[in-house]
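No lab work stands behind these numbers, since they all come straight from the coordinates. It should be emphasised that the depicted structure is a prediction, and the values quoted were computed from it without experimental measurement. Neighbour counts are summed over all protein chains in view; Cβ atoms, including those assigned to glycine, are modelled from backbone coordinates with ideal geometry.
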Amino acid sequence: MNLDIPYHLENYIGGNLVAPLSGKFMDNINPATGEVVGKIPESGAKDIEVAVLAAQKAFAAWSTTAVEQRFKILNRIAELIDENLDVLALAETNDNGKPLWLAKQVDIPRASANFRFFATGIMHFATESHNMEDKAVNYTLRQPIGIVGCISPWNLPLYLFTWKIAPALAAGNCVIAKPSEVTPVTAYLLSKICKEAGLPDGVLNIIHGTGPEAGESIVTHPAIKAISFTGSTRAGERIASLAAPKFKKLSLELGGKNPTIIFADCNWEKVFFETIRSSFGNQGQICLCGSRILIEESVYEKFKDVFVGLIKNLKVGDPLEEETKQGAIVSKMQFDKVLNCIETAKQEGGKILCGGTAIKPEGRCANGYFIQPTIIEGLGPECKTNQEEIFGPVVTLQSFKTEEEALQLANATSYGLAATIWTQDITRANKMAAKVESGIVWINCWLLRDLRTPFGGVKNSGVGREGGWEALRFFTEAKNVCIQL
Ligand code: NAD
């Protein structure tokens with residue numbers, strides 16, 4: 001299979017790689033070097049229309065394909081992702097700026113795991129029946145919805161793209177999918193992999209372009225009956241306002257401002273290792289990163305001193321180098337946004353304990369978008385820095401005296417995606433987990449994921465859940481059939 005990356009990427013429609021009908025392309029920039037490395041189709045409503053026609057043509061056959069056959073094709077996609085790990089990981093790093101070792105260890109293996117998980121899952125998916133004693137029996141059919149739209153962000157490009165596409169396809173839908181215009185390359189390569197794996201033409205269509213153009217054309221197209229979106233709360237709000245009046249099924253996985261709660265009785269060896277990851281993994285650009293670290297007052301200074309010391313030594317630089325811990329910020333826009341947020345934190349009275357500035361590595365990355373991991377203290381829960389998602393390598397430290405105060409601080413934002421609790425008192429941990437306002441809670445760990453578990457947020461972090469049966473339920477319509485006995 002040829003996984004060369006052409007200078008001009010193409011859309012994947014009806015099994016063919018095609019240029020956008022507008023003939024227009026935008027720049028694709030490697031954030032580690034600042035160089036334009038390719039061109040991305042600027043697709044719009046007309047491309048979506050052609051993709052919908054291709055999907056409509058494919059739907060009757062795909063939706064009635066035996067689940068074992070669907071399993072075989074999706075499992076083959078997983079195998080081909082594994083076989084091409086190195087090419088895909090390098091493409092992800094060049095697009096996104098993340099360290100290559102991270103793309104190899106996390107992003108690409110998870111993309112194949114997503115396909116494998118839902119390929120096998122559909123073989124075991126079952127529905128309920130409800131018996132009304134001697135009167136009647138009901139059974140539930142779960143049928144594919146039809147054509148569904150999947151829209152994903154840039155932070156974990158292939159990982160999150162496949163997290164939506166795999167269950168949608170497994171459930172028998174045809175898909176119109178749009179990756180982020182900031183990181184399109186692995187989605188482009190996935191189109192070639194799907195073709196090679198024998199996915200029938202038109203079952204998956206991958207359209208490149210911006211949110212307002214290509215994205216909104218997917219959201220508003222009358223034949224696309226469900227939208228699964230992962231991205232910012234701002235875009236989620238816009239998408240909900242467009243899709244809700246058309247009564248589309250909606251799954252929204254949005255932003256976060258997650259608390260990491262550290263009690264004095266935590267496991268001190270583990271807490272540092274994991275909190276470095278949960279604060280700065282992927283340059284802090286994971287929706288699940290803990291950007292507000294809440295520390296019990298009696299150990300605040302102790303935690304701070306060790307943590308700041310460790311973070312000052314994290315190597316920031318060329319993502320292709322093995323010893324790099326922090327790569328580039330994904331784009332110039334995001335780079336400017338994060339630096340502005342650090343300025344705001346200073347104006348709000350925050351004290352920068354480390355980082356706080358951009359850095360210029362020597363050599364090929366001299367024009368890349370790099371920011372030192374930044375730790376800030378001295379800010380209360382109400383300020384912008386502790387309220388708004390920054391989505392970069394920036395965390396704040398706050399102290400608390402009691403469990404109640406820890407909870408108040410943890411819940412003091414409009415978001416509710418994930419929370420991490422560090423304590424060896426398991427009763428306290430369980431009590432806190434029940435009361436913290438978030439869809440996901442980790443106790444003495446972070447980002448330990450079982451793909452069967454429900455994944456999603458409360459409050460402004462989203463609507464609905466992904467993962468396991470939740471995803472297969474989202475991508476099917478339940479129909480009750482009642483038979484009188
Ligand atoms: P974004 O909202 O700018 O874009 C996400 C995707 O939506 C992109 O493909 C974009 O082109 C598209 N889009 C943007 N506006 C649109 C519109 N009006 N209509 C249709 N599509 C539109 O987000 P981003 O900057 O790419 O990603 C970062 C955000 O994603 C952060 O807020 C982060 O917390 C969030 N995120 C959430 C999760 C989660 O599971 N909850 C996971 C990863 C990232």
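Brief remarks on what is shown
- Alpha-carbon gyration tensor eigenvalues x 5, square-rooted, for segment 258-452, Å: 27, 18, 16
- Between segment 251-301 and segment 42-118, the C-alpha centres lie 31 angstrom from each other.
- Calculated over the chain, the projected area of the Cα convex hull averaged across directions stands at 23.8 nm².
- Between helix 85-96 and the chain there is an angle of about 60 degrees, using the helix long axis and the longest principal axis of the Cα atoms.
- For residue 227, the residues whose modelled amide H falls within less than 5 Å of its own, excluding neighbours fewer than 5 places apart on the same chain, are 149, 249, 250, 251.
- Each Lys or Arg adds one and each Asp or Glu subtracts one; over the other residues with Cβ under 13 Å from the Cβ of residue 109, this totals -2.
- Using the Cβ of residue 127 as centre and a radius below 13 Å, the other residues enclosed give a net charge of +1, where K and R count +1 and D and E count -1.
- Each residue in 124, 208 was given a count of other beta-carbon atoms within 10 angstrom of its own, and listing them fewest first yields 124, 208.
- Residue-by-residue Karplus 3J(HN,Hα) for segment 419-428, coefficients 6.51, -1.76, 1.60, Hz, glycine and proline x: 9, 10, 10, 10, 6, 9, 8, 5, 5, 4
- Normalised by the number of residues in the chain, the mean separation of alpha-carbon contacts (under 8 Å, six or more apart) gives a relative contact order of 19 percent.
- Along segment 291-306 the Karplus relation, 6.51 cos²θ - 1.76 cosθ + 1.60 evaluated at θ = phi - 60°, assigns HN-Hα couplings of 9, 10, 9, 10, 10, 4, 3, 5, 10, 4, 5, 4, 4, 4, 4, 5 Hz to successive residues, with x for each Gly and Pro.
- Other-chain or far-sequence residues with amide H under 5 Å of residue 202's (modelled H): 14, 15
- Spacing of the two label points (7 Å from each Cα toward its C-beta) at residue 7 and residue 343, in nm: 3.6 nm
- Note, ³J(HN,Hα) from phi for segment 102-110, Karplus 6.51, -1.76, 1.60, rounded to Hz, x at Gly and Pro: 5, 4, 6, 8, 10, 4, 6, x, 5
- For residue 421, the residues 5 or more places off, or on other chains, whose built amide H falls under 5 Å of its own are 261, 442, 443, 444, 445.
- The mean sequence distance of close C-alpha pairs (under 8 Å, at least 6 residues apart), as a share of the length of segment 49-181, puts its relative contact order at 32 percent.
- The angle between the Cα long axis of helix 332-347 and the main principal axis of the chain comes to about 40°, on a 0 to 90 degree scale.
- Each stretch of four or more DSSP H residues adds -39500 (n - 2.57); spread over every residue of the chain, this sum gives -11500 deg cm²/dmol at 222 nm.
- Between 0 and 90°, nearest 10: helix 45-63 axis offset from the chain longest Cα axis: 60 degrees
- Among the chymotrypsin sites (Phe, Trp or Tyr not before Pro) found in segment 223-322, those both in a DSSP coil and sparsely packed, with 11 or fewer other Cβ atoms within 10 Å of their Cβ, are 247.
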